[in-house]
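Beneath this line is the structure, given in C-alpha coordinates, with notes to follow.
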Protein chains: 2
Amino acid sequence: MLIRVDPGSGVAIYDQIAASVRAAATRGALSPGERLPAARELAEALDVNVHTVLRAYQDLRDEGLVDLRRGRGAVVTDAAARGASLLDAVRALVAEARREDVGPQTLISLIREEYPA
Amino acid sequence: MLIRVDPGSGVAIYDQIAASVRAAATRGALSPGERLPAARELAEALDVNVHTVLRAYQDLRDEGLVDLRRGRGAVVTDAAARGASLLDAVRALVAEARREDVGPQTLISLIREEYPA
DNA sequence: CTATTGTTCTAATTTCACTAGCACAACCGA
DNA sequence: TCGGTTGTGCTAGTGAAATTAGAACAATAG
(Lines give C-alpha, C1' and ligand atoms only; values in the text may rest on other atoms or scores of the structure.)
Protein backbone atom coordinates (compact mmCIF):
# COMPACT_ATOMS: atom_id res chain seq x y z
CA MET A 1 0.00 0.00 0.00
CA LEU A 2 1.19 3.44 -0.94
CA ILE A 3 -0.54 5.05 1.99
CA ARG A 4 0.09 4.22 5.63
CA VAL A 5 -1.17 5.71 8.83
CA ASP A 6 -0.02 5.79 12.44
CA PRO A 7 -2.93 6.58 14.79
CA GLY A 8 -0.71 7.60 17.70
CA SER A 9 1.63 9.81 15.73
CA GLY A 10 0.31 13.12 16.96
CA VAL A 11 -0.40 14.08 13.37
CA ALA A 12 -4.04 13.98 12.30
CA ILE A 13 -4.94 10.93 10.22
CA TYR A 14 -6.32 12.99 7.34
CA ASP A 15 -3.06 14.90 7.35
CA GLN A 16 -1.00 11.74 7.21
CA ILE A 17 -3.02 10.51 4.25
CA ALA A 18 -2.63 13.80 2.42
CA ALA A 19 1.08 13.87 3.25
CA SER A 20 1.53 10.38 1.81
CA VAL A 21 -0.07 11.44 -1.45
CA ARG A 22 1.92 14.68 -1.67
CA ALA A 23 5.17 12.85 -1.12
CA ALA A 24 4.27 10.03 -3.48
CA ALA A 25 3.35 12.48 -6.22
CA THR A 26 6.54 14.47 -5.82
CA ARG A 27 8.54 11.26 -5.76
CA GLY A 28 6.94 10.25 -9.03
CA ALA A 29 5.24 7.24 -7.49
CA LEU A 30 1.99 8.83 -8.55
CA SER A 31 1.70 10.19 -12.07
CA PRO A 32 -0.75 12.78 -13.39
CA GLY A 33 -3.91 11.12 -14.64
CA GLU A 34 -3.56 8.30 -12.20
CA ARG A 35 -6.46 7.63 -9.84
CA LEU A 36 -6.27 7.40 -6.09
CA PRO A 37 -8.11 4.55 -4.36
CA ALA A 38 -11.81 5.22 -3.89
CA ALA A 39 -12.44 6.86 -0.55
CA ARG A 40 -14.65 4.05 0.74
CA GLU A 41 -12.09 1.52 -0.38
CA LEU A 42 -9.10 3.24 1.19
CA ALA A 43 -11.06 3.90 4.35
CA GLU A 44 -11.68 0.21 4.79
CA ALA A 45 -8.10 -0.68 3.99
CA LEU A 46 -6.82 1.74 6.63
CA ASP A 47 -9.62 0.87 9.05
CA VAL A 48 -10.68 4.49 9.12
CA ASN A 49 -13.88 6.39 8.48
CA VAL A 50 -14.72 7.47 4.94
CA HIS A 51 -15.05 11.09 5.98
CA THR A 52 -11.48 11.08 7.22
CA VAL A 53 -10.20 9.98 3.83
CA LEU A 54 -12.46 12.45 2.06
CA ARG A 55 -11.11 15.22 4.25
CA ALA A 56 -7.62 14.36 3.05
CA TYR A 57 -8.75 14.23 -0.58
CA GLN A 58 -10.47 17.59 -0.29
CA ASP A 59 -7.37 19.16 1.21
CA LEU A 60 -5.39 17.83 -1.74
CA ARG A 61 -7.98 19.27 -4.09
CA ASP A 62 -7.73 22.65 -2.37
CA GLU A 63 -4.00 22.51 -3.02
CA GLY A 64 -4.64 21.65 -6.65
CA LEU A 65 -2.94 18.28 -6.46
CA VAL A 66 -5.95 16.17 -7.37
CA ASP A 67 -9.15 16.52 -9.28
CA LEU A 68 -12.25 15.33 -7.43
CA ARG A 69 -15.40 14.35 -9.27
CA ARG A 70 -18.31 12.12 -8.42
CA GLY A 71 -18.26 8.74 -10.05
CA ARG A 72 -14.76 9.29 -11.31
CA GLY A 73 -12.79 9.56 -8.09
CA ALA A 74 -9.63 11.47 -7.22
CA VAL A 75 -7.37 11.98 -10.20
CA VAL A 76 -3.82 13.27 -9.84
CA THR A 77 -3.24 16.56 -11.66
CA ASP A 78 -0.22 17.84 -13.51
CA ALA A 79 0.52 20.16 -10.62
CA ALA A 80 1.20 17.18 -8.40
CA ALA A 81 4.17 16.19 -10.54
CA ARG A 82 5.93 19.47 -9.93
CA GLY A 83 8.77 19.78 -7.49
CA ALA A 84 10.55 16.54 -8.35
CA SER A 85 13.73 18.58 -8.54
CA LEU A 86 13.24 19.49 -4.88
CA LEU A 87 13.72 15.96 -3.69
CA ASP A 88 17.49 15.99 -3.65
CA ALA A 89 17.57 19.34 -1.92
CA VAL A 90 15.16 18.11 0.73
CA ARG A 91 17.19 14.98 1.37
CA ALA A 92 20.38 17.00 1.63
CA LEU A 93 18.74 19.46 3.99
CA VAL A 94 17.41 16.76 6.27
CA ALA A 95 20.78 15.02 6.27
CA GLU A 96 22.54 18.20 7.29
CA ALA A 97 19.96 18.93 9.95
CA ARG A 98 20.47 15.54 11.53
CA ARG A 99 24.19 15.97 11.37
CA GLU A 100 23.81 19.19 13.36
CA ASP A 101 21.35 17.66 15.79
CA VAL A 102 18.55 19.90 14.65
CA GLY A 103 15.13 18.37 15.16
CA PRO A 104 12.32 18.14 12.62
CA GLN A 105 10.27 20.66 14.59
CA THR A 106 12.91 23.30 14.11
CA LEU A 107 13.29 22.52 10.44
CA ILE A 108 9.56 22.72 9.86
CA SER A 109 9.35 25.91 11.91
CA LEU A 110 11.99 27.49 9.70
CA ILE A 111 10.16 26.56 6.53
CA ARG A 112 6.83 27.84 7.79
CA GLU A 113 8.48 31.13 8.68
CA GLU A 114 10.18 31.53 5.34
CA TYR A 115 7.11 30.82 3.28
CA PRO A 116 4.45 33.48 3.85
CA ALA A 117 6.49 36.53 2.81
CA MET B 1 7.71 41.72 19.19
CA LEU B 2 9.70 38.71 18.24
CA ILE B 3 6.77 36.40 18.70
CA ARG B 4 3.51 36.62 16.84
CA VAL B 5 0.44 34.46 16.76
CA ASP B 6 -2.43 33.90 14.37
CA PRO B 7 -5.43 32.34 16.17
CA GLY B 8 -7.07 31.14 12.95
CA SER B 9 -4.00 29.61 11.42
CA GLY B 10 -4.89 25.99 12.01
CA VAL B 11 -1.68 25.59 13.96
CA ALA B 12 -1.98 25.42 17.76
CA ILE B 13 -1.04 28.65 19.53
CA TYR B 14 1.57 27.00 21.74
CA ASP B 15 3.08 25.53 18.58
CA GLN B 16 3.25 28.92 16.90
CA ILE B 17 5.00 30.38 19.91
CA ALA B 18 7.51 27.54 20.02
CA ALA B 19 8.04 27.81 16.27
CA SER B 20 8.78 31.52 16.57
CA VAL B 21 11.43 30.84 19.17
CA ARG B 22 12.99 27.98 17.21
CA ALA B 23 13.24 30.09 14.11
CA ALA B 24 14.53 33.14 15.98
CA ALA B 25 17.22 31.10 17.69
CA THR B 26 18.37 29.51 14.45
CA ARG B 27 18.34 32.88 12.78
CA GLY B 28 20.56 34.22 15.53
CA ALA B 29 17.95 36.71 16.68
CA LEU B 30 18.10 34.90 20.02
CA SER B 31 21.51 34.12 21.44
CA PRO B 32 22.40 31.51 24.05
CA GLY B 33 22.11 32.96 27.54
CA GLU B 34 19.40 35.35 26.47
CA ARG B 35 16.10 35.24 28.35
CA LEU B 36 12.69 34.82 26.82
CA PRO B 37 9.88 37.08 28.05
CA ALA B 38 8.31 35.90 31.30
CA ALA B 39 5.37 33.62 30.61
CA ARG B 40 2.85 35.88 32.31
CA GLU B 41 4.21 38.86 30.47
CA LEU B 42 4.17 37.25 27.04
CA ALA B 43 0.74 35.81 27.69
CA GLU B 44 -0.67 39.27 28.27
CA ALA B 45 1.11 40.71 25.26
CA LEU B 46 -0.34 38.01 23.01
CA ASP B 47 -3.71 38.07 24.76
CA VAL B 48 -3.38 34.43 25.56
CA ASN B 49 -3.49 32.32 28.71
CA VAL B 50 -0.30 31.79 30.73
CA HIS B 51 -0.61 28.02 30.48
CA THR B 52 -0.53 28.22 26.71
CA VAL B 53 2.79 30.07 26.79
CA LEU B 54 4.17 27.68 29.40
CA ARG B 55 3.21 24.75 27.20
CA ALA B 56 5.32 26.25 24.43
CA TYR B 57 8.24 26.88 26.78
CA GLN B 58 8.08 23.33 28.09
CA ASP B 59 8.11 21.92 24.59
CA LEU B 60 11.19 23.98 23.87
CA ARG B 61 12.76 22.66 27.05
CA ASP B 62 11.98 19.09 25.99
CA GLU B 63 13.81 19.83 22.75
CA GLY B 64 16.73 21.19 24.71
CA LEU B 65 16.46 24.67 23.26
CA VAL B 66 15.81 26.52 26.50
CA ASP B 67 16.53 26.12 30.17
CA LEU B 68 13.54 26.59 32.46
CA ARG B 69 13.95 27.53 36.11
CA ARG B 70 11.74 29.22 38.63
CA GLY B 71 12.52 32.81 39.32
CA ARG B 72 14.99 32.90 36.47
CA GLY B 73 12.75 32.29 33.50
CA ALA B 74 13.43 30.65 30.14
CA VAL B 75 17.04 30.94 29.07
CA VAL B 76 18.20 30.03 25.57
CA THR B 77 20.73 27.19 25.53
CA ASP B 78 23.74 26.63 23.32
CA ALA B 79 21.82 23.94 21.47
CA ALA B 80 19.44 26.57 20.18
CA ALA B 81 22.22 28.21 18.22
CA ARG B 82 22.88 25.09 16.19
CA GLY B 83 21.70 24.83 12.65
CA ALA B 84 22.58 28.35 11.61
CA SER B 85 24.27 26.83 8.62
CA LEU B 86 20.91 25.39 7.58
CA LEU B 87 19.38 28.78 7.04
CA ASP B 88 20.76 29.32 3.57
CA ALA B 89 19.78 25.86 2.50
CA VAL B 90 16.26 26.39 3.82
CA ARG B 91 15.89 29.72 2.05
CA ALA B 92 17.15 28.24 -1.18
CA LEU B 93 14.79 25.31 -0.87
CA VAL B 94 11.79 27.50 -0.20
CA ALA B 95 12.72 29.77 -3.07
CA GLU B 96 12.93 26.87 -5.48
CA ALA B 97 9.67 25.43 -4.18
CA ARG B 98 7.86 28.70 -4.84
CA ARG B 99 9.42 28.93 -8.26
CA GLU B 100 7.94 25.54 -9.03
CA ASP B 101 4.61 26.39 -7.44
CA VAL B 102 5.02 23.81 -4.73
CA GLY B 103 3.10 24.63 -1.58
CA PRO B 104 4.39 24.59 1.99
CA GLN B 105 2.27 21.56 2.83
CA THR B 106 4.06 19.50 0.25
CA LEU B 107 7.45 20.69 1.38
CA ILE B 108 6.68 19.87 5.00
CA SER B 109 5.24 16.51 4.02
CA LEU B 110 8.45 15.66 2.21
CA ILE B 111 10.55 16.59 5.20
CA ARG B 112 8.41 14.60 7.59
CA GLU B 113 8.75 11.58 5.33
CA GLU B 114 12.50 11.90 5.09
CA TYR B 115 13.15 12.28 8.77
CA PRO B 116 12.22 9.07 10.58
CA ALA B 117 14.10 6.65 8.32
C1' DC C 1 12.51 39.93 53.02
C1' DT C 2 10.12 40.77 48.72
C1' DA C 3 8.98 40.44 44.16
C1' DT C 4 9.49 37.53 40.26
C1' DT C 5 8.95 33.21 37.79
C1' DG C 6 8.12 28.60 36.70
C1' DT C 7 5.53 24.38 38.74
C1' DT C 8 1.55 22.00 39.95
C1' DC C 9 -3.24 21.33 40.70
C1' DT C 10 -8.25 21.36 39.78
C1' DA C 11 -11.85 22.61 36.75
C1' DA C 12 -14.57 24.31 33.03
C1' DT C 13 -15.03 25.51 28.29
C1' DT C 14 -14.17 25.19 23.60
C1' DT C 15 -12.47 23.39 19.47
C1' DC C 16 -11.55 19.75 16.39
C1' DA C 17 -10.68 15.06 14.82
C1' DC C 18 -13.07 11.02 14.18
C1' DT C 19 -16.86 8.10 13.76
C1' DA C 20 -21.58 6.78 12.07
C1' DG C 21 -25.31 6.58 8.96
C1' DC C 22 -28.02 8.31 5.46
C1' DA C 23 -29.76 10.48 1.13
C1' DC C 24 -28.31 12.57 -3.08
C1' DA C 25 -26.13 13.81 -7.57
C1' DA C 26 -22.74 13.10 -11.07
C1' DC C 27 -20.26 9.77 -13.59
C1' DC C 28 -18.92 5.32 -15.87
C1' DG C 29 -19.47 1.06 -18.31
C1' DA C 30 -22.38 -2.36 -20.15
C1' DT D 1 -31.25 3.17 -20.57
C1' DC D 2 -29.79 1.09 -16.37
C1' DG D 3 -27.19 -0.20 -12.40
C1' DG D 4 -23.20 0.28 -9.78
C1' DT D 5 -19.61 3.45 -8.37
C1' DT D 6 -17.99 7.72 -6.28
C1' DG D 7 -17.79 12.11 -4.27
C1' DT D 8 -21.06 15.62 -1.85
C1' DG D 9 -23.82 17.09 1.85
C1' DC D 10 -26.21 16.58 5.95
C1' DT D 11 -27.07 15.55 10.91
C1' DA D 12 -25.32 13.72 15.14
C1' DG D 13 -22.58 11.90 18.58
C1' DT D 14 -18.06 10.77 20.95
C1' DG D 15 -13.49 11.62 22.60
C1' DA D 16 -9.25 13.88 22.91
C1' DA D 17 -6.71 17.99 22.95
C1' DA D 18 -6.26 22.99 23.22
C1' DT D 19 -7.39 26.92 25.74
C1' DT D 20 -8.94 29.39 29.53
C1' DA D 21 -9.36 30.38 34.58
C1' DG D 22 -7.90 30.66 39.28
C1' DA D 23 -5.25 29.35 42.98
C1' DA D 24 -1.36 27.79 45.93
C1' DC D 25 3.48 26.70 45.99
C1' DA D 26 8.73 26.53 45.46
C1' DA D 27 12.95 28.25 43.69
C1' DT D 28 15.46 32.28 42.37
C1' DA D 29 17.20 37.06 42.06
C1' DG D 30 17.99 41.51 44.00
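The values are calculated or read from the model by the stated rules, or taken from the named source; none is laboratory data. Keep in mind the model is a prediction, meaning the values are calculated, not measured. Here Cβ is always computed from backbone atoms with ideal geometry, including for glycine, and neighbour counts include all displayed protein chains. Each accessible area value is taken on the protein alone, full model and side chains, heavy atoms only, with ligands, DNA and RNA left out. Shrake-Rupley method; radii C 1.70, N 1.55, O 1.52, S 1.80 Å.
A few notes on this one:
- With only Cα atoms counted, the protein assembly as shown has Rg and Dmax values of 19.3, 63 Å.
- Total accessible surface hidden between A and B, rounded to 100 Å², 1.4 Å probe: 4000
- Neighbour net charge for A:Thr77 - beta-carbon separation under 11 angstrom, K R +1, D E -1: -2
- Over the C-alpha trace of the range A:19-104, radius of gyration and Dmax come out as 15.2, 49 angstrom.
- Probe 1.4 Å, protein heavy atoms only - accessible area per residue of the protein assembly as shown in square angstrom: 53
- Distances between equivalent label points of A:Asp62 across the copies, with each point positioned 7 Å along Cα→Cβ, amount to 2.6 nm, shortest listed first.
- Contact residues in the range B:97-111 (at least 20 Å² less accessible area with all protein chains than alone, 1.4 Å probe): B:Arg98, B:Glu100, B:Asp101, B:Val102, B:Pro104, B:Gln105, B:Thr106, B:Leu107, B:Ile108, B:Ser109, B:Leu110, B:Ile111.
- Dividing the summed helix terms, -39500 (n - 2.57) for each DSSP H run of n ≥ 4, by the number of residues in chain B produces a 222 nm estimate of -16500 deg cm²/dmol to the nearest 500.
- Among the residues of the range B:59-90, those with an accessible-area drop of 50 Å² or more from chain alone to full protein complex, heavy atoms and 1.4 Å probe, are B:Arg82, B:Leu86, B:Val90.
- Of B:Thr106, B:Thr26, B:Thr77, the residue with the greatest mean-square motion in the GNM of chain B, using alpha carbon springs below 10 Å, is B:Thr106.
- Projecting the Cα atoms of A:Leu86, B:Gln16, A:Val50 onto the dipole axis of the protein assembly as shown, where Lys and Arg carry +1 and Asp and Glu carry -1 at the beta carbon, places A:Val50 farthest toward the positive end.
- Point-to-point label distance, B:Ala45-B:Glu96, nm (Cα→Cβ direction, 7 Å offset): 3.6
- Relative contact order (percent, whole number), chain B, Cα cutoff 8 Å, 6+ residue spacing: 24
- Nonpolar atom fraction for the range B:13-81, defined as the carbon and sulfur part of the 1.4 Å probe accessible area, stands at 42 percent.
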